[in-house]
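A quick write-up on the structure given underneath.
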Amino acid sequence: MADATPDAFDADYLLVGGGLQNGLILLALAARKPQARVLLLEQGEVIGGNHIWSFQALDLPDTALDWARPIIEYEWPGYQLYFDDSARWVQGVYRSLSSEHLHRLVLDAAAGSEGIEVRLGAAVADVDGHSVQLADGTRLHGRVVVDARGPEAAHPMGRGRFSGGYQKFVGLECRLAALTDLAAPILMDSRCAQRDGFRFHYVLPFAPDRVLIEDTYFSNTPDLDVDALSREIVAEAPRLGLQVAEVLRTEVGVLPMPAWSHFRAADASPITGGYAGGWFNPGTGYSLAAAARLAEHLSAVPVADTFGHEWQRLTRRMRIQAHFLAFLNLLMFGFFHGAKRRRLMERFYMVSDAVIHRFFAMRNNPIDMWRIMYVGAPWTPKGWAKRPEQPAAAQVAASSAE
Ligand SMILES: Cc1cc2nc3c(=O)[nH]c(=O)nc-3n(C[C@H](O)[C@H](O)[C@H](O)COP(=O)(O)OP(=O)(O)OC[C@H]3O[C@@H](n4cnc5c(N)ncnc54)[C@H](O)[C@@H]3O)c2cc1C
């Protein structure tokens, strides 16, 4: 099929799986290539499953905002971290969107463009370079196929002690009994009982009476007792200054933080995108930054140049970052256990805001890499880096309200 004429194709871009990766690609193509024919196939009845996706300043650089701005559902000016004997404010926008929001945007884009079609309830059985076969036997052809069927289709490498670990969590979206004045997210509050690796609470304040509270672990094992942790979140919420009146929604994640990168981008269709293809940050388990870069690329180059020079540059950079970040997991999950892991995380957050933003966005430069390795080293004195002052609560509240 590779030598077929363009008209023999059902779409220029055939997107398999309607999750975060292909949702972003569809939105980028809709904005930047309104003439492109795009066909998205999703086995479920909704786009995006059941998630809140959060991302940091650089994860969605300004160059992407022409197509990506609508995905920003919530935005705060920065976020707070708490360790036992220190606290840290990180300046720089922090944003979130929900699956429902992505679902609406994708269906609106399809409704507003003749060239875009979204098929829900379309399970794909088989994918090759230029075609897919649906479960009902139908075969469809695309010039470029992006196979992004999610984490279940991923194949992490490594075993035992050196397989890395997991960022696992239970999150409850809650209605509060008393209004909170929390004006910015708490990315980490580790002033809780430690167990199962490094444990912390994560809080997103969506509204004065509605928050997401997550109990999160950087653990060597994937096990999670969702019911027990849900009960505990409600019981421990007062420590965070929050009184839960009602649980509105539960989300559960067990995100691999592999010790070996499985980013393997071939130079031909199909592209294995999203989590399945290693388009995620091994150091955080988060994928929005990497997924946005793939969407950026596909929407910026002509379809015939998909695997040209720009693709080589992008995948080379991603490969270097993925290997570096996975190497950090190898060290953390292999050698830092118990209190040592918590100390390591505290030391990591001594680095400057800019280094933190580049770390999350998979844009570490060689000096960042050196700094991150150095703060992690056990011999590094704790006062090695100057910790930025934590702004007064009133200041945070003022900037988030702007
Ligand atoms: C609870 C949770 C919270 C997370 N929070 C964040 C976050 O805050 N920030 C962040 O950057 N990352 C986050 N992640 C990690 C990552 O961004 C998500 O896992 C993300 O959804 C991965 O995107 P994806 O497109 O690769 O896969 P998915 O979003 O999982 O999408 C895959 C899609 O493919 C469909 N599919 C599967 N098989 C077939 C088939 N045979 N035929 C047709 N369709 C199929 C699925 O139904 C699904 O809709 C989170 C993950 C979880 C689980």
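The values are calculated or read from the model by the stated rules, or taken from the named source; none is laboratory data. Small disclaimer: the values here were computed from a predicted structure and weren't measured. All Cβ positions, even for glycine, are placed from backbone atoms using ideal geometry, and neighbour counts span all protein chains on display. Surface accessibility is based on the protein's heavy atoms, side chains included, excluding ligands, DNA and RNA. Shrake-Rupley method; radii C 1.70, N 1.55, O 1.52, S 1.80 Å.
All of V144, V203 fail the test of being among the β-branched types (V, I, T), surrounded by 21 or more Cβ atoms within 10 Å (Cβ to Cβ) and closer than 22 Å to D85 by Cα, apart from V203. Number of residues in region 239-285 that are surrounded by 16 or more Cβ atoms within 10 Å (Cβ to Cβ) and farther than 25 Å from L172 by Cβ equals 19. For Q133, are the conditions met, namely being open to solvent by 20 Å² or more (accessible area, probe 1.4 Å) and either in a helix (DSSP H, G or I) or modelled with pLDDT of 95 or more (or both)? Judged against the criteria, Q133 is a match. In region 148-166, what residues are open to solvent by less than 20 Å² (accessible area, probe 1.4 Å) and at pLDDT 95 or above? Of everything in region 148-166, just one residue is open to solvent by less than 20 Å² (accessible area, probe 1.4 Å) and at pLDDT 95 or above, namely A148. Remark: L288 matches the filter, which requires a residue to be in contact with a Leu (Cβ under 8 Å, 6 or more places away or on another chain) and open to solvent by less than 20 Å² (accessible area, probe 1.4 Å). Taking region 258-365 and the helices (runs of 4 or more DSSP H) fully enclosed by it, the elements with 2 or more residues that are within 14 Å of the ligand (Cβ to nearest atom) and either more than 29 Å from A31 (Cα to Cα) or in contact with a helix residue (DSSP H, G or I) (Cβ under 9 Å, 6 or more places away or on another chain) (or both) are at 288-300, 353-360. Once region 229-257 is narrowed to residues that are assigned to a loop (DSSP other than H, G, I, E, B) and touching a strand residue (DSSP E or B) at 6+ places or on another chain (Cβ under 7 Å), the residue that is nearest to A184 (Cα to Cα) is L242.
Let's see how each residue does on (1) charged (D, E, K, R); (2) surrounded by fewer than 17 Cβ atoms within 10 Å (Cβ to Cβ); (3) modelled with pLDDT under 95:
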site	(1), (2), (3)
P302	no, yes, no
W311	no, no, no
L331	no, yes, yes
F335	no, yes, yes
R358	yes, no, no
